[in-house]
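Chemist: Following this message is one structure expressed as structure tokens.
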Amino acid sequence: MEFLVNEAVEDYAFQSTTPEPALLQELIDETNKNMGWPQKLSGRLVGRTLKLLAQLHQPKNVLEIGMFTGYSALSIAEGMPDDGKIICCETNPRAIEFAQTFFDRSPHGHKIEAIFGKALDTLETLDMTLDFTFIDADKRNYLNYYHKVLEMTRPGGLIVLDNMLWSGKVLQPESDIDDVLVDLNKEIATDPNVENLFLTVRDGINVVRKIR
């Protein structure tokens, strides 16, 4: 991922944000050492944003599309009530196995259930109304994920989408992935049934609240 702001400014924001717990710092280190594409981790700025949103919103029914090694799931779980539940969709069995070792060691791990398989298939099996969703998976399906999740979300519920600036490529789209994200950002901004805040945190986070 390219830095969208001055790297020194990004680092200053990182250093000036409350650190994640030691277990999550260990998860980062082990992901960097043992897993491919470690840059897929959400990282402190996104993770602490998710934790804070969950802490303020207190969701009971949470969905994550694209779990990877569990950093964002544990960040959200940290802010949730103790009886909350996160369903995590992930297509990499090695990532699920890796993440579970950290879930088992976390006081918040009991809130998390990882499901292997394509997210759109998993969504068809879920009979639940969502309070909070974090979407951070394959970008070509972002419109499909968003539309399905929006149907399942209660009025007042939150949907948080990561990588919505796509390293700035949304400004000059050149591929089908760029076009999907541009279309989705436009749809969200013009939909009277939702309100949103687009944050230029890391690679762009679009925070959407369903109104009705």
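Please treat every number below as a calculation from the coordinates, not as lab data. Computed from a predicted structure; not experimentally measured.
Chemist: So who's got an amide H within less than 5 Å of the one on Asp203, skipping anything under 5 residues away but keeping other chains? H placed 1.01 Å off N, in plane.
Modeler: So Asp203 has HN proximity to Asn163.
Chemist: Sticking with this one: Show the residues, 5+ positions off or on another chain, whose built amide H is closer than 5 Å to the amide H of Leu130.
Modeler: Correct list: Thr153, Arg154.
Chemist: Per-residue HN-Hα couplings for the stretch 115-121, Karplus 6.51 cos²θ - 1.76 cosθ + 1.60 at θ = phi - 60°, whole Hz, x for Gly and Pro?
Modeler: 10, 7, x, 5, 4, 5, 5
Chemist: Which one, Ser167, Ser72, Ser16, has the greatest fluctuation when you compute a Gaussian network model over the chain with C-alpha springs under 10 angstrom?
Modeler: Highest fluctuation among the options: Ser16.
Chemist: Between the stretch 32-67 and the stretch 112-181, what is the separation of their alpha carbon centroids in Å?
Modeler: So the separation of the two Cα centres works out to 14 Å.
Chemist: Using θ = phi - 60° and the Karplus form 6.51 cos²θ - 1.76 cosθ + 1.60, what ³J(HN,Hα) does each residue of the stretch 20-32 get, whole Hz, x for Gly and Pro?
Modeler: Going residue by residue, I get 6, x, 4, 4, 5, 5, 5, 4, 4, 4, 5, 5, 4 Hz, with x marking Gly and Pro.
Chemist: Pick from Ile159, Ile115, Ile86: which residue has the top mean-square fluctuation in a GNM of the chain where Cα pairs under 10 Å get a spring?
Modeler: In this elastic network of the chain, the residue with the biggest mean-square fluctuation among Ile159, Ile115, Ile86 is Ile115.
Chemist: Say the cut-off is 32 Å between C-alpha atoms; which of Lys40/Lys60; Lys85/Lys169; Lys111/Lys169; Lys33/Lys148; Lys111/Lys186; Lys33/Lys186 go over it? List each step's numbers first, then the result.
Modeler: Details: Lys40/Lys60 26 Å; Lys85/Lys169 35 Å; Lys111/Lys169 36 Å; Lys33/Lys148 35 Å; Lys111/Lys186 34 Å; Lys33/Lys186 38 Å.
With Cα atoms farther than 32 Å apart: Lys85/Lys169; Lys111/Lys169; Lys33/Lys148; Lys111/Lys186; Lys33/Lys186.
Chemist: Inverting the mean 1/r over all pairs of different Cα atoms, compute the Kirkwood radius of the stretch 154-212 and quote it in Å.
Modeler: Averaging 1/r across every pair of different Cα atoms and inverting gives 11.7 Å.
Chemist: From the phi angles alone, apply the Karplus equation (6.51, -1.76, 1.60; θ = phi - 60°) to the stretch 175-188 and give each ³J(HN,Hα) in whole Hz, x where the residue is Gly or Pro.
Modeler: So the Karplus estimates, Gly and Pro as x, are 9, 5, 5, 4, 5, 4, 5, 4, 4, 5, 4, 5, 4, 4 Hz.
Chemist: From Cα pairs below 8 angstrom and at least 6 apart in sequence, can you work out the relative contact order of the stretch 43-115, rounded to a whole percent?
Modeler: After rounding, I find 33 percent.
Chemist: In addition: D for the stretch 7-210, whole µm²/s, Stokes-Einstein with Kirkwood Rh over alpha-carbon pairs at 4 °C and 1.567 mPa s: what number?
Modeler: Stokes-Einstein gives a translational diffusion coefficient of 76 µm²/s.
Chemist: So who's got an amide H within less than 5 Å of the one on Val194, skipping anything under 5 residues away but keeping other chains? H placed 1.01 Å off N, in plane.
Modeler: Amide H to amide H, under 5 Å and 5 or more residues apart or across chains, Val194 pairs with Ile211.
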